[in-house]
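**Q** Can you keep this structure in mind? I'll have questions shortly.
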Amino acid sequence: MNKIKLIPPLVMLAATSTVAVITYLRDFPFGTWLVIVIAVMVLFLFIGEVIRQMIEYFMKVNEEREKAEEEEQEAEKDNEGLQTEDL
């Protein structure tokens, strides 16, 4: 779970660095460059947070499904054990 918390900053840093380099190489004025970079940082931090929450949700759903399957298997084993004792 700890690695999942790193997703938003990594997404933000990757996108921001790409945009910063591209806008710098295209000779954007510094004020415009700064506004674009900050806007991209905020936008991709939000996108990374949404991705992190989606991953945590799917992991939770998978854990619940695994628990339900384990309980079902235990119930089947208990039923088989009861049926063999009746014979």
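**Q** Given the structure, is Leu13 within 28 Å of Glu63 (Cβ to Cβ) and assigned to a helix (DSSP H, G or I)?
**A** No.
**Q** Restrict the check to the range 25-35 and report whether at least one residue is part of a helix (DSSP H, G or I), free of Cβ contacts under 8 Å to residues at least 24 places away in the same chain and crowded, with 16+ Cβ neighbours inside 10 Å. Write out each step before concluding.
**A** Kept after step one, since they are part of a helix (DSSP H, G or I), are these residues of the range 25-35: 25, 30-35.
Add one more test, that the residue is free of Cβ contacts under 8 Å to residues at least 24 places away in the same chain, and what stays is 25, 30-35.
Then keep just the ones that are crowded, with 16+ Cβ neighbours inside 10 Å; that gives 33.
The answer is yes; a qualifying residue exists.
**Q** State which residue is farthest from the chain's Cα centre (by Cα) when the search covers only the range 10-24 and only residues that are of a type outside the set (A, V, I, L, M) and surrounded by 16 or more Cβ atoms within 10 Å (Cβ to Cβ). Can you show your working first?
**A** Going through the range 10-24, the residues of a type outside the set (A, V, I, L, M) turn out to be 16-18, 23-24.
Right, trim to surrounded by 16 or more Cβ atoms within 10 Å (Cβ to Cβ) and you get 16, 23.
Values: Thr16: 19, Thr23: 29 Å.
Out of the qualifying residues, it is Thr23.
**Q** Still on this structure: Against the condition among the aliphatic types (A, V, I, L, M), surrounded by 15 or more Cβ atoms within 10 Å (Cβ to Cβ) and over 25 Å from Glu63 (Cβ atoms), how does Ala39 come out, does it pass?
**A** No: the conditions fail for Ala39.
**Q** Also, I was wondering about something else. Does the range 69-87 contain at least one residue that is of a type in the set (Gly, Ala, Ser) and surrounded by 12 or more Cβ atoms within 10 Å (Cβ to Cβ)?
**A** Looking through the range 69-87, none of the residues is of a type in the set (Gly, Ala, Ser) and surrounded by 12 or more Cβ atoms within 10 Å (Cβ to Cβ).
**Q** Under 7 Å between Cβ atoms, which residue pairs at least 6 apart in sequence (or on different chains) link something in the range 3-17 that is farther than 15 Å from Arg52 by Cα with a partner that is aliphatic (A, V, I, L, M)?
**A** Filtered contacts from the range 3-17: Ala15/Val40; Thr16/Val37; Thr16/Val40; Thr16/Met41.
All of the numbers you see were taken from the coordinates with simple rules; none came from a lab. Since the model is a prediction, treat every value here as computed from it, not as a measurement. For neighbour counting, all protein chains shown are included, and Cβ atoms are generated from backbone atoms with ideal geometry for every residue, glycine included.
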